[in-house]
Amino acid sequence: MSDEDSGTGWEGAYASNDEVGWDTGDPQPVVKALVASDAIANPVLDVGCGLGTESCFLASEGYDVLGVDVAPTAVERALARATERGLDDRVEFAVGDALEFGTTGGVVDANEAATVLDVGVFHALGGPDSDHDDGRSAYADALARVLEPGGRAFVLSFAPGAPEDWPPDLISRRDVRDAFDADGTDGDGSDGDWRVVEFRDETFVSRGGEVPALLSVLERKRGP
């Protein structure tokens, strides 16, 4: 999932714009709700951290956070934001490819995170029915490598009902199950690394307005 594979769009967007449409500067309401309900465990890996909005919020709430993004300019600006807010003792940022997590070339080691937060990465990866395939299943495998057994991934994606002419794919529950090869909530149906804890209909707040979103809560299995 290099920036070149993303059409140079990520680095180009952050380097040429003071603002990006998917980041209002405030954390997503669902992320605030997850913190309020103590659903997030420490430490946290914020995948596709962008300008560091969610990472800085989590750090301000007392979490230890590593934010990773493929775009160097985004990481530079996120670090500046954290430093300005006096949060750089609780949050770190790194440039890296999520598909390489847990490998010798990756910026995140195996079993390093208790929680993974994904606000808008999964829906930017093409699946088998998309006109592009950037590796949803490979992404799920990468998250499994860096999330400790029993840890949870919270994946927020655009859902059917969001504008169809916006670049990300609209993600269904089946898309998530297929990519993560995940058990159902009853624990049956898969030999993969993941179990679906729940799906929730949520809202993604962008500069273009509120759009329907799907929050997928997935747990890395503890083993046989």
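The values are calculated or read from the model by the stated rules, or taken from the named source; none is laboratory data. Every value quoted in this text rests on a predicted model; they were computed, and no experiment measured them. Here the Cβ positions follow ideal geometry from the backbone for every residue, glycine too, while neighbour counts run over all protein chains shown. Heads up: the accessible areas ignore ligands, DNA and RNA and are worked out on the full protein's heavy atoms, side chains in. Shrake-Rupley method; radii C 1.70, N 1.55, O 1.52, S 1.80 Å.
In a Gaussian network model over the chain where Cα atoms closer than 10 Å are linked, find which of R90, R81, R207 has the largest mean-square fluctuation. Maximum among the listed residues: R207. Counting heavy atoms of the protein chains alone, K32 has an accessible area of about 100 Å² for a 1.4 Å probe.
Only DSSP H runs of four or more residues enter the estimate; each adds -39500 (n - 2.57), and after division by the residues of the chain the mean residue ellipticity at 222 nm equals -7000 deg cm²/dmol.
A full extension of the chain between T24 and E148 corresponds to an added length of 41.6 nm, given 0.36 nm per residue minus the alpha carbon distance.
Probing with 1.4 Å while keeping every protein chain in the model, the per residue accessible area of the chain equals 45 Å². If I build a Gaussian network model for the chain, linking alpha-carbon pairs within less than 10 angstrom, which residue out of W194, W166, W22 has the largest mean-square fluctuation? It is W166. Every Cα-Cα pair of the chain was included, and the share exceeding 33 Å stands at 8 percent. Computed over protein heavy atoms with a 1.4 Å probe, the carbon and sulfur contribution to the accessible area of the chain reaches 44%.
In this simple spin-label model, placing a label point 7 Å from the Cα along the Cα-to-Cβ direction at both V107 and R85 gives a separation of 1.8 nm.
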